[in-house]
1. Is the shape of the chain best called rounded, prolate or oblate, per the rule: a/c under 1.5 gives rounded, else a/b larger than b/c gives prolate, else oblate, with a ≥ b ≥ c the square roots of the Cα gyration tensor eigenvalues?
2. So what is the accessible area of the chain per residue, in Å², with the probe set to 1.4 Å?
3. For the chain, find the longest principal axis of its Cα atoms and tell me its angle to the long axis of helix 11-24, 0 to 90°, nearest 10.
4. How far is helix 28-38 tilted off the main Cα axis of the chain, in degrees rounded to 10, range 0 to 90?
5. Over the heavy atoms of Glu15, what accessible area does a 1.4 Å probe trace out, to the nearest 10 Å²?
6. Defining a contact as two alpha carbons under 8 Å apart and six or more residues distant in sequence, what relative contact order in percent does the chain show?
7. Around Arg54, under 14 Å between beta carbons, what's the net of Lys plus Arg minus Asp minus Glu among the other residues?
8. Relative to the longest principal axis of the chain, what angle (0 to 90°, nearest 10) does the C-alpha long axis of helix 47-57 take?
Amino acid sequence: MPKKPKQELTLEQLERLLEFKAEHGRYWKDTLRHMWMNGQDANQRDGGLLRQIRNNFGPTWLNNFKG
């Protein structure tokens, strides 16, 4: 059975994630994880994109994201 191709961020998701990083500084991953856990990402600008990232990749994926 062929392996499923590894899913990647869309350009729109990547851009929003990098903007979030710039907005929240050094501990941006902790901030985003906290928002994901408490549903606060929905209140962010383009919160739907942040939620898509969480739903498609998960909080553990964020640990290894280099951006």
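1. Working: a/c = 1.76, a/b = 1.68, b/c = 1.05.
It comes out prolate by the Cα gyration axes.
2. Details: 4940 Å² over 67 residues.
Accessible surface, normalised per residue, equals 74 Å².
3. The angle comes out near 30 degrees.
4. 90
5. The value for Glu15 is about 100 Å².
6. Numbers: 28 pairs, mean separation 21.4, N = 67.
Reported as a whole number, the value is 32 percent.
7. Values: positive: Arg16, Lys29, Arg33, Arg51; negative: Asp41, Asp46.
Charge balance in the 14 Å sphere: +2.
8. It works out to around 40 degrees.
The values are calculated or read from the model by the stated rules, or taken from the named source; none is laboratory data. Predicted, not measured: the structure shown is a model, and the values here were computed from it. All Cβ positions, even for glycine, are placed from backbone atoms using ideal geometry, and neighbour counts span all protein chains on display. Just so you know, the surface numbers come from the protein's heavy atoms only, side chains and all, with ligands and any DNA or RNA stripped out. Shrake-Rupley method; radii C 1.70, N 1.55, O 1.52, S 1.80 Å.
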